[in-house]
1. For the stretch 113-153, which positions are modelled with pLDDT of 95 or more, closer than 15 Å to LEU82 by Cα and surrounded by fewer than 19 Cβ atoms within 10 Å (Cβ to Cβ)?
2. Could you tell me whether LEU93 is without any contact (Cβ under 8 Å) to a residue 12 or more places away in the chain and touching a Ser or Thr at 6+ places or on another chain (Cβ under 8 Å)?
3. Looking only at residues that are in a helix (DSSP H, G or I) and closer than 27 Å to LEU84 by Cα in the stretch 17-48, which one is farthest from the chain's Cα centre (by Cα)?
4. Could you please give the count of residues in the stretch 170-206 that are within 22 Å of LEU80 (Cα to Cα) and in contact with a Ser or Thr (Cβ under 7 Å, 6 or more places away or on another chain)?
5. Please go through the stretch 34-56 and give me each residue that is more than 21 Å from THR126 (Cα to Cα) and surrounded by 15 or more Cβ atoms within 10 Å (Cβ to Cβ), ordered by number.
6. Look at the stretch 176-200 and say how many of its residues are crowded, with 19+ Cβ neighbours inside 10 Å, among the hydrophobic types (A, V, I, L, M, F, W, C) and either over 15 Å from ILE119 (Cβ atoms) or in contact with a Cys (Cβ under 8 Å, 6 or more places away or on another chain) (or both).
7. In the stretch 58-106, which residue that is under 17 Å from THR46 (Cβ atoms) and small (Gly, Ala, Ser) is modelled with the lowest pLDDT?
Amino acid sequence: MLKKNKHTQLVVLIDPDKYNPDLVKIASQSTVSTIFVGGSALHGNTFEKTIKSIKSLTDIPVIIFPGDENQVSKSADGILILSLLSGRNPEYLIGKVVKVASKIKSSKLQTVPVGYILIQGFKKSTTQKVTKTLPLNDRKEIINTCIAAELIGKKAIYLEAGSGAREPLTPSLIRSVKKNCSLPLIVGGGIDTVAKAKKILASQPDYIVIGNAFEKNPELLIEISHLFE
């Protein structure tokens, strides 16, 4: 479901609380390969409804990016099994997965165990607030955490600068992780302009995820999408 790619793929992240069907319509006419759905702290009861609406508007695969154990739907095409390896809060390392393990198994959803690593984005992210964990900032620790994820059997790495981060990940960090870890690499957070997207794209992660920027300006997807043609 998520794999190493010769060319970087564009992923749109949709928060059900901020769902805009027009964004999905734009995505369906663009170079978007995958749609992630989920949020760190959902306030509305619209998760299932959002996924069904997206599926009715596009054939792009929809994968759940769960913020908690309530974000599971048979209507999706798959689900990321996230372990927040940058923190040491057992609830977000394994606890949340335990609570929903039987439900996920019975749903028959495709699953991808992912090492989720929060990186310092110079703004306190919702993920940081909800999980009560600190992001990583030391390059050696970040790389060693990625290697550890591979050693314990994760199938992908998600490097996250945090929703609305002031700065995205640096290309040099992305290249260092790629050099030291062979897992598919997903990066996101702080990518809110064409210039920033282009800079990240040059470091060739397997997937680039953008959410906040498209919520504020869906038309930005048209511009960024051209970079992936």
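The values are calculated or read from the model by the stated rules, or taken from the named source; none is laboratory data. None of the values given here were measured: they were computed from a predicted structure. Glycine gets a Cβ as well: all are built from the backbone with ideal geometry, and neighbour counts include every protein chain shown.
1. Those that are modelled with pLDDT of 95 or more, closer than 15 Å to LEU82 by Cα and surrounded by fewer than 19 Cβ atoms within 10 Å (Cβ to Cβ): PRO113, ALA148, GLU150, ILE152, GLY153.
2. On the way: without any contact (Cβ under 8 Å) to a residue 12 or more places away in the chain: yes; touching a Ser or Thr at 6+ places or on another chain (Cβ under 8 Å): yes.
Yes: the conditions hold for LEU93.
3. Kept after step one, since they are in a helix (DSSP H, G or I), are these residues of the stretch 17-48: 17-18, 21-28, 47-48.
With the extra rule that they be closer than 27 Å to LEU84 by Cα, the set shrinks to 17-18, 47-48.
Values: ASP17: 16, LYS18: 16, PHE47: 16, GLU48: 19 Å.
Restricting to residues being in a helix (DSSP H, G or I) and closer than 27 Å to LEU84 by Cα, the top hit is GLU48.
4. Count: 5.
5. Hits for the stretch 34-56 are THR34, GLU48, ILE51, SER53, ILE54, LYS55.
6. Taking the stretch 176-200 as the starting set, the residues that turn out to be crowded, with 19+ Cβ neighbours inside 10 Å are 177, 181, 183-192, 197, 200.
Those left that are additionally among the hydrophobic types (A, V, I, L, M, F, W, C): 177, 181, 183, 185-187, 191, 197, 200.
With either over 15 Å from ILE119 (Cβ atoms) or in contact with a Cys (Cβ under 8 Å, 6 or more places away or on another chain) (or both) added as a condition, the list becomes 177, 181, 183, 197.
The qualifying residues number 4.
7. Restricting to residues being under 17 Å from THR46 (Cβ atoms) and small (Gly, Ala, Ser), the top hit is GLY67.
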